Amino acid sequence: MLHGLDAFAERIAAALAAALDLPADVVRLERPRHDEHGEFAYPCFRIAKERGVNPAQMAQDLAAGLDIDGVGAAAVGPFLNFTIAGTDLAAAVLAASLSDSFGRGSDGRTTLVEYSSPNIAKPMHIGHLRTTVIGAALARMYDFLGHRVVRINHIGDWGSQFGKLLAAWARWGDDDALKADPIGHLLKLYVQFHAEEEQDTGLKDEAKAAFRALESGQECPERALWRRFTELSLGDFETIYQRLGAHFDLVRGESWYEDQLEGLVQWLDECGVLEESDGAQVVDLSSEGIKTPCLVRTGHGTTLYATRDLAAARSRWQEFAFDHCLYVVGAEQTLHFQQFRMVLKRCGSDWWDRIEHIPFGLVRFAEGKLSTRAGRVLRLQEVLDRAVELAREIVEEKNPEHADKQRVAEQVGIGAVVFHDLKHQRQKDVLFDWKEVLSFEGDTGPYLQYTHARCCSILRKSGRPAPSFDEVDSALLQDSRELLVALGRFPAAVREAGDKREPMLVAQALLRLGASANAFYRERRVLGGDDPALENARLAAIDAVRRTLASGLGLLGVPTPEEM
Ligand code: ARG
């Protein structure tokens, strides 16, 4: 299915390939640096160099010789630029963007996206916001592009730290406190354990014994408690997932792989990669350029984080035979992912390179209320509450008559936080400044939500259903090139965002669309002119903007209220 500007790009690539006597798939079109130069550009440097000709001359010759239906070609220095004819552009973009499948694909690959994966008994913090928001957006995008998507939450619910928690509970646990604020109480126990373990050696032994009881796999009081802590934690996480619109097909804690760990270690042994090192079992990775070996079993016989990841990867492969398995996890775990991929490579698996770590940068808070001060964990729930509180003040001021202010405040507050997270290149650190996050102007979520609501309002005021493509003379939109191009680039932006695992590309495409939509209705009268055909065409354009913003913001996880 071809969408938006794609059909033009194909036509251009085919004509260039024929003129240059190249296969069509090696002709790479770019986006011109300046919008006045058209919609697509072909830089002639490489091919000119290969053929020993002057690139500018080559661009000129090609421009003179090419004849592409609906597309003009012009040389600017070594670049060959292409401009789509106004009527062709308007017709193609409007037809595509008024269809419900605008931008959708039928890719067919199986893509697993693991994201969020918090640790139980600890509050989710701002770092979990990034993995949750980026992962949920990627999963929605792949779904939109037609992948078979499996969303996985790899909850951290296993490891010796749970022995510590159980020991602390035995000493200081308080049932009422647990009921009132499960995560708060469990965190307190954890902190207390670490404060006292140095003076109190008995505590450490109790922790070890408790973890051994857990690891035995037998039903025991420790296991029952651990299960209770897990359930309470998951309940807490769920309220956040609902607010963020994130969901999972599989919620599988690390403990789920417990009975596969023995088999995994055996597999590594059979593959001949397992070595002894100071009583522990490791996989040496120096042949893969990694100095630190991967530790899979300690001298005491306990398995580790990496062991569970290896077991999980293998189990996922057996269950889904995935084309891609993505792990949206902070950049600080890069070494861990390099190690465990290389272990799989050394084992001779032919799927290790389908495993991909999708790292992201840190969030820093600008000073002010709710900044992170030393020793204080800023809970994600608090961040979201604060965003909604600030949004409520803005809604109160901008639209005191609104029928459901609390609901809109929730949508705007959460949407602002989510959009802010996704508009940056994911690998970069993000500076979180409340004023900027919630601004209704500039490159923000509320600005796009507002643009969407504005389109809804224009359509409501027209008092009739939005015109369908057949009812519109699209040629009347020829003067709105910028808007048409911004709409027409949406499908390619989603595809590229999927290929590069970079939701920012969708966010940026929507910001350009928002800016051109605002210019469109600021400079043109949509309703109430004396030309009904023109009104029809402009209403259709507004409807296309509304649909595309709703679809694109929906992919990012930003709600789109119809009125704000
Ligand atoms: N639970 C870990 C943490 O909060 C993240 C898990 C990431 N996923 C994985 N498969 N290792 O740090």
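The values are calculated or read from the model by the stated rules, or taken from the named source; none is laboratory data. On a predicted model such as this, the values are computed, not experimentally measured, just so you know. Methodologically, a virtual Cβ is constructed for each residue, glycine included, from the backbone with ideal geometry; neighbour enumeration extends over all protein chains shown.
Can you say whether Arg316 is over 23 Å from the mean Cα position of the chain (by Cα) and crowded, with 17+ Cβ neighbours inside 10 Å, as far as the supplied structure shows? Before the answer, list the steps.
Working: over 23 Å from the mean Cα position of the chain (by Cα): no; crowded, with 17+ Cβ neighbours inside 10 Å: yes.
For Arg316, the condition - over 23 Å from the mean Cα position of the chain (by Cα) and crowded, with 17+ Cβ neighbours inside 10 Å - is not met.
Pairs under 6 Å by beta carbon, first residue in contact (Cβ under 8 Å) with a residue 40 or more places away in the chain and closer than 18 Å to Asn81 by Cβ in the stretch 1-22, partner of a type in the set (Gly, Ala, Ser) and surrounded by 13 or more Cβ atoms within 10 Å (Cβ to Cβ), six or more apart or different chains?
From residues that are in contact (Cβ under 8 Å) with a residue 40 or more places away in the chain and closer than 18 Å to Asn81 by Cβ, the pairs are Leu5/Gly488.
For the subset of the stretch 288-310 comprising residues that are touching a Lys or Arg at 6+ places or on another chain (Cβ under 7 Å) and at pLDDT 95 or above, which member is farthest from Phe211 (Cα to Cα)?
Among residues in the stretch 288-310 that are touching a Lys or Arg at 6+ places or on another chain (Cβ under 7 Å) and at pLDDT 95 or above, the one farthest from Phe211 (Cα to Cα) is Glu288.
Of everything in the stretch 233-254 that's in a loop (DSSP other than H, G, I, E, B) and either among the β-branched types (Val, Ile, Thr) or in contact with a strand residue (DSSP E or B) (Cβ under 6 Å, 6 or more places away or on another chain) (or both), which residue is nearest to the ligand (Cβ to nearest atom)?
Our first condition is that a residue be in a loop (DSSP other than H, G, I, E, B); within the stretch 233-254, this holds for 245-249, 252-253.
Remaining after also requiring either among the β-branched types (Val, Ile, Thr) or in contact with a strand residue (DSSP E or B) (Cβ under 6 Å, 6 or more places away or on another chain) (or both): 248-249.
Values: Phe248: 13, Asp249: 16 Å.
The residue in question is Phe248.
Take the residues in the stretch 331-357 that are closer than 30 Å to His420 by Cβ and within 11 Å of the ligand (Cβ to nearest atom), then tell me which one is surrounded by the fewest Cβ atoms within 10 Å (Cβ to Cβ).
If we take residues in the stretch 331-357 being closer than 30 Å to His420 by Cβ and within 11 Å of the ligand (Cβ to nearest atom), then Glu332 is surrounded by the fewest Cβ atoms within 10 Å (Cβ to Cβ).
So if I check each of Ser287, Ser315, which one is within 14 Å of the ligand (Cβ to nearest atom) and touching a residue at least 24 places away in the same chain (Cβ under 8 Å)?
The match here is Ser315.
Could you tell me how many of the residues in the stretch 45-71 are touching a residue at least 24 places away in the same chain (Cβ under 8 Å), surrounded by 13 or more Cβ atoms within 10 Å (Cβ to Cβ) and under 26 Å from Asp88 (Cα atoms)?
5
Taking the stretch 468-480 as the search range and keeping residues that are surrounded by 21 or more Cβ atoms within 10 Å (Cβ to Cβ) and not polar (S, T, N, Q), which one is nearest to the chain's Cα centre (by Cα)?
Leu477
I need the full set of residues from the stretch 273-305 which are exposed (fewer than 14 other Cβ atoms within 10 Å of the Cβ) and assigned to a helix (DSSP H, G or I), in order please.
Ser286, Ser287
Just for helices (runs of 4 or more DSSP H) wholly inside the stretch 1-94: which have at least 2 residues that are under 29 Å from Phe469 (Cβ atoms)? Before you say what the answer is, go through the steps one by one.
Numbers: elements: 6-20, 45-51, 55-65.
Counting at least 2 such residues, we get 6-20.
What number of residues within the stretch 464-489 are within 19 Å of His37 (Cα to Cα), part of a helix (DSSP H, G or I) and touching a residue at least 40 places away in the same chain (Cβ under 8 Å)?
Total satisfying the criteria: 7.
If you check Arg308 against the conditions, is it surrounded by 15 or more Cβ atoms within 10 Å (Cβ to Cβ) and touching a Phe, Trp or Tyr at 6+ places or on another chain (Cβ under 8 Å)?
yes
Looking at the stretch 84-96, can you tell me whether even one residue there is crowded, with 21+ Cβ neighbours inside 10 Å and either within 16 Å of the ligand (Cβ to nearest atom) or on the phi > 0 side of the Ramachandran plot (or both)?
So in the stretch 84-96, the residues crowded, with 21+ Cβ neighbours inside 10 Å come out as 84, 89-90, 92-94, 96.
Filter again for either within 16 Å of the ligand (Cβ to nearest atom) or on the phi > 0 side of the Ramachandran plot (or both), leaving none.
No, the conditions are met nowhere in the stretch 84-96.
Do we have Gly135 as within 16 Å of the ligand (Cβ to nearest atom) and small (Gly, Ala, Ser) here?
When the stated conditions are applied, Gly135 passes them.
Taking interchain pairs and intrachain pairs at least six residues apart, which have beta carbon atoms under 7 angstrom, with the first residue in the stretch 246-262 and touching a residue at least 40 places away in the same chain (Cβ under 8 Å) and the second away from the ligand (no atom under 14 Å from the Cβ) and part of a helix (DSSP H, G or I)?
Ala246/Ala136; His247/Tyr241
Can you name every residue in the stretch 512-545 that is among the basic types (Lys, Arg) and surrounded by 24 or more Cβ atoms within 10 Å (Cβ to Cβ)?
Within the stretch 512-545, Arg538 is the sole residue that qualifies.
Restricting to the stretch 138-156, what's the tally of residues that are within 9 Å of the ligand (Cβ to nearest atom) and surrounded by 22 or more Cβ atoms within 10 Å (Cβ to Cβ)?
Number satisfying all stated conditions: 3.
Answer with yes or no whether Glu502 is in a loop (DSSP other than H, G, I, E, B), on the phi < 0 side of the Ramachandran plot and surrounded by 19 or more Cβ atoms within 10 Å (Cβ to Cβ).
yes
List, please: which pairs have Cβ atoms under 9 Å, are six or more places apart or on different chains, and start with a residue in the stretch 326-355 that is closer than 15 Å to Pro293 by Cα and acidic (Asp, Glu) and end with one that is assigned to a helix (DSSP H, G or I) and away from the ligand (no atom under 12 Å from the Cβ)?
none
From (1) buried (at least 19 other Cβ atoms within 10 Å of the Cβ); (2) at negative phi, pick out the condition that doesn't hold for Gly557.
Result: Gly557 fails condition (2) only.
Would you be able to say whether some residue in the stretch 214-232 is touching a strand residue (DSSP E or B) at 6+ places or on another chain (Cβ under 9 Å) and within 16 Å of the ligand (Cβ to nearest atom)?
no
Does Leu232 satisfy the criteria of being closer than 30 Å to Glu319 by Cα and in contact with a Pro (Cβ under 6 Å, 6 or more places away or on another chain)?
yes
Kindly indicate which of Glu410, Glu496 is of a type in the set (Asp, Glu) and either within 29 Å of Val388 (Cα to Cα) or in contact with a Lys or Arg (Cβ under 7 Å, 6 or more places away or on another chain) (or both). I'd like the intermediate steps shown before the answer.
On the way: Glu496 fails: either within 29 Å of Val388 (Cα to Cα) or in contact with a Lys or Arg (Cβ under 7 Å, 6 or more places away or on another chain) (or both).
Of the residues listed, the single one that is of a type in the set (Asp, Glu) and either within 29 Å of Val388 (Cα to Cα) or in contact with a Lys or Arg (Cβ under 7 Å, 6 or more places away or on another chain) (or both) is Glu410.
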